[in-house]
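Below: one structure in structure tokens.
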Amino acid sequence: MCGIFGAISDNHNILPTLLNGLEQLEYRGYDSAGIAFISNGRTERIRAVGRVENLRNEASRYQGSIAIGHTRWATHGGVSVENAHPHQSHHLMIVHNGIIDAYEEHKKRLIQKGYAFESETDTEVLAHLLHEATLNNADLISAVKQVIATVTGNYALLVMDQNDPTSLIATAQGCPLILGLKDDTTFIASDIAAIIPETNRLIYLEQGDCVIMQAGNIAYFSNQAEQVLSPIAISEKIQISDLSIEKLDIGHYTHFMLKEIFEQPHVIEKTALKAITQQFDPELFGEKAVTLFPQVKHIQILACGTSYFAGMVAKYWIESIAKIPTHVEISSEYRYREVLIEDGTMIVTISQSGETLDTIEAKKHAEENGAFASLAICNVKESVLPRTSDCRLYTEAGIEVGVASTKAFTTQLTALFILANALAKSQGKMDETTLSKHLQMLRELPAMIAQSFNCQEIASQWGTLLLNAKSTLYLGRGIHFPIAAEGALKLKEISYIHAESYPAGELKHGPLALVDDQMPIIALLPHDDLFEKVRANLHEVLARKGKLFIITDSKVPLDDLKGAHIMHVPEVSCALSPILLTIPVQLIAYYAALVRGEDIDKPRNLAKSLTVE
Ligand code: M6R
């Protein structure tokens, strides 16, 4: 959530680059945006509610070779120009992601000292704290170090000082910041997407690192160390990214969400590649996995949103394939309750971003209460969760721009299926035949997904049929219930149609009362052991005149379900059917939002990654 981008260059106008980079970050937060820069020796600030686009007109009147910018997702304080970043204290301008703990206390003290506040944000508190620290420090970097030693929280921070138009200062504590190095220009951003159009030479800041950025040059202080890193040490930190600008481009698609749905065969193949060649070797999860996996007696999965639904599917796989008892819990609930952790419990966190605060805190809570090992399934390389876990497997979804998760979800499922098999293998619970069968399923999966795109036309028709729906019900059973839940979440997120998910067998215990001739019900009816049970549940719906939409791979005629809309997907009767049945629910949500004219990639009130509670 929220995006930071800054750049300093040798005498050329950096403002157009800054605005373009900020637009790449908009998916992280898009309530408001702002930039500050030094032009003809004066600090200028432009802020607006809404999109980065709204800054362009005014910015085009200026030139500047040092600039900072921000896209905001409101946390402390509502959506207003006053609360938009950058925030100012005298000669300092700052942009900030994350949270400063107990900022009200600092604010009270600063007001008593005569500082005036124009916003409700914790960021403005940070700006004034920094200014206060400059009064008794010889230089800005010392002032920054003093402030970060006194405040707590998870944050990333970028500071510009009118008194020194040759430098920017950045520091990160628990929130991502990445430096981009180009001949005469130095960039910094909270997300690689802003930098890649300019350079692929990157340094990921680690917790507590501070950097003085100059045009084409940096002074790097590792974890608040007094000594600046040597050029050799800096060059060792540089990573060359293989991400290209083309991969960030929307191409011929109307929305990133649609592009990302269609990328799924490819990114799933990439995620599964090593697991197939290494035949579910535990080492896929890192060196430590080899000794830790055989000791795992219980698994506690922690995640939020879509990632939580991936965890619900994983429970079925881990319990049936590796025979390890598995619990799944929403991170924001788990972190605040007394937990009883059984001996030999490994924590598995699932997160696209790797920086979801609730999941980070839930993991810490589990560790404090006795979990013996941790493992992260994550898409963003080097983010907090994989960095702080004993074992990790990166999904290969690439940057996911659409706020509604699609390819991140199905690659998480792929990684979790690999995890179930690797655990089974390390504990000697899988015979050769099953191992070969599961490897074969993984090999075939990308092609099956590509085939399931055949449902696009019907999904688009169903999207139109949902145009005036006020509320919908998604049904599934067993391992497919989490996919129904994911379908309902997708529909809510981007079309704003209320959607609820229920295990089909639970209908009669309450939600059946909602069913009438206005209520669309989208049901997953795979040809598995529960087929007949679900079919019976769907009769209960039809008997109440519900508008039934059935997604099935069954070759069995469904003539008995008269009046129902039926979508046939390729036969998916294998352990990986939850992944295949995800495609239609993603497409239905997409087309429902499209026909309603909603802002599909940037749904209202949401942000891509949630680094606050
Ligand atoms: O980055 P994470 O996977 O930890 O994020 C968790 C949720 O915030 C995320 O899945 C959210 O529910 C998505 N917008 C769903 O599409």
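Do you know which residues across the range 470-487 are among the small types (Gly, Ala, Ser) and either over 20 Å from LEU525 (Cβ atoms) or in contact with an Asp or Glu (Cβ under 6 Å, 6 or more places away or on another chain) (or both)?
Passing the criteria: only SER471.
If I filter the range 380-405 down to residues being among the aliphatic types (A, V, I, L, M) and more than 10 Å from the ligand (Cβ to nearest atom), which single residue comes out as modelled with the highest pLDDT?
Selected residue: LEU393.
Now a separate question. If you scan the range 473-499, which residues turn out to be without any contact (Cβ under 8 Å) to a residue 60 or more places away in the chain and over 30 Å from THR326 (Cβ atoms)?
If the condition is that a residue be without any contact (Cβ under 8 Å) to a residue 60 or more places away in the chain and over 30 Å from THR326 (Cβ atoms), then HIS498 is the only one that fits.
I would also like to ask the following. Condition (residue is within 16 Å of the ligand (Cβ to nearest atom), β-branched (Val, Ile, Thr), modelled with pLDDT of 95 or more and under 16 Å from SER307 (Cα atoms)) applied to the range 360-373: is it met by at least one residue?
No; the residues of the range 360-373 include none that is within 16 Å of the ligand (Cβ to nearest atom), β-branched (Val, Ile, Thr), modelled with pLDDT of 95 or more and under 16 Å from SER307 (Cα atoms).
Determine which member of the set GLY77, GLY98 is at pLDDT below 95, in a loop (DSSP other than H, G, I, E, B), of a type outside the set (Phe, Trp, Tyr) and at positive phi.
Within the list GLY77, GLY98, the selection yields GLY77.
Same structure, new question: Would you be able to say whether some residue in the range 547-563 is touching a Phe, Trp or Tyr at 6+ places or on another chain (Cβ under 7 Å) and within 16 Å of the ligand (Cβ to nearest atom)?
No, the range 547-563 contains no residue that is touching a Phe, Trp or Tyr at 6+ places or on another chain (Cβ under 7 Å) and within 16 Å of the ligand (Cβ to nearest atom).
Same structure again: crowded, with 16+ Cβ neighbours inside 10 Å, modelled with pLDDT of 90 or more, aliphatic (A, V, I, L, M) and more than 30 Å from the chain's Cα centre (by Cα): is that true of ALA48 in this structure?
Answer is no for this residue.
Evaluate the following for GLU342: is it touching a strand residue (DSSP E or B) at 6+ places or on another chain (Cβ under 7 Å), in a helix (DSSP H, G or I), away from the ligand (no atom under 16 Å from the Cβ) and of a type in the set (D, E, K, R)?
no
Moving to a separate point now. Pick from the range 295-336 the residues that are among the basic types (Lys, Arg) and either modelled with pLDDT of 95 or more or within 16 Å of GLN427 (Cβ to Cβ) (or both): which of them is nearest to the ligand (Cβ to nearest atom)?
Checked the range 295-336; the qualifying residue nearest to the ligand (Cβ to nearest atom) is LYS315.
Restricting the first residue to the range 199-228 and requiring it to be among the basic types (Lys, Arg), which pairs with a second residue that is not in a strand (DSSP E or B) meet a Cβ separation below 6 Å and a spacing of at least six or different chains?
Correct list of pairs: ARG201/ILE238.
Report those helices (runs of 4 or more DSSP H) wholly inside the range 167-253 carrying at least 2 residues which are of a type outside the set (A, V, I, L, M, F, W, C) and surrounded by fewer than 22 Cβ atoms within 10 Å (Cβ to Cβ).
231-237, 245-248
Scan the range 451-462 for residues that are at pLDDT below 95 and of a type in the set (Gly, Ala, Ser) and jot them down.
SER452
Within the range 85-95, count every residue that is in a strand (DSSP E or B) and either surrounded by fewer than 24 Cβ atoms within 10 Å (Cβ to Cβ) or among the hydroxyl-bearing types (Ser, Thr, Tyr) (or both).
So the count comes out to 2.
Shifting gears a bit: Would you point out which residue out of GLU82, GLU132 is surrounded by fewer than 21 Cβ atoms within 10 Å (Cβ to Cβ), at pLDDT 90 or above and assigned to a loop (DSSP other than H, G, I, E, B)?
After applying the criteria, what remains is GLU82.
Something else now. Could you check how many residues of the range 454-468 are surrounded by fewer than 18 Cβ atoms within 10 Å (Cβ to Cβ) and either assigned to a helix (DSSP H, G or I) or not polar (S, T, N, Q) (or both)?
Residues that pass the stated criteria total 8.
Answer yes if at least one residue in the range 580-603 is at pLDDT below 90, among the β-branched types (Val, Ile, Thr) and within 16 Å of the ligand (Cβ to nearest atom), and no otherwise.
no
Still on this structure, I have one more. Could you grab the pairs with beta carbons closer than 6 Å, sequence gap of 6+ or different chains, first residue in the range 406-426 and away from the ligand (no atom under 12 Å from the Cβ), second one in a helix (DSSP H, G or I) and of a type in the set (Phe, Trp, Tyr)?
Correct list of pairs: PHE417/TRP317; ALA420/TRP317; LEU423/PHE293; SER426/PHE293.
In addition: Residues THR414, THR472: which one is among the β-branched types (Val, Ile, Thr) and not in a helix (DSSP H, G or I)?
Within the list THR414, THR472, the selection yields THR472.
Test LYS288 against the criterion of being basic (Lys, Arg), in contact (Cβ under 8 Å) with a residue 60 or more places away in the chain, touching a strand residue (DSSP E or B) at 6+ places or on another chain (Cβ under 6 Å) and more than 14 Å from the ligand (Cβ to nearest atom), and give yes or no.
Yes.
If we keep just the residues of the range 256-283 that are surrounded by fewer than 20 Cβ atoms within 10 Å (Cβ to Cβ) and closer than 17 Å to ALA420 by Cβ, which is nearest to the ligand (Cβ to nearest atom)?
LYS274
The values are calculated or read from the model by the stated rules, or taken from the named source; none is laboratory data. Keep in mind it's a predicted model, so treat the numbers as computed, not measured. Heads up, the Cβs are rebuilt from the backbone with ideal geometry, glycines too, and the neighbour counts pull from every protein chain shown.
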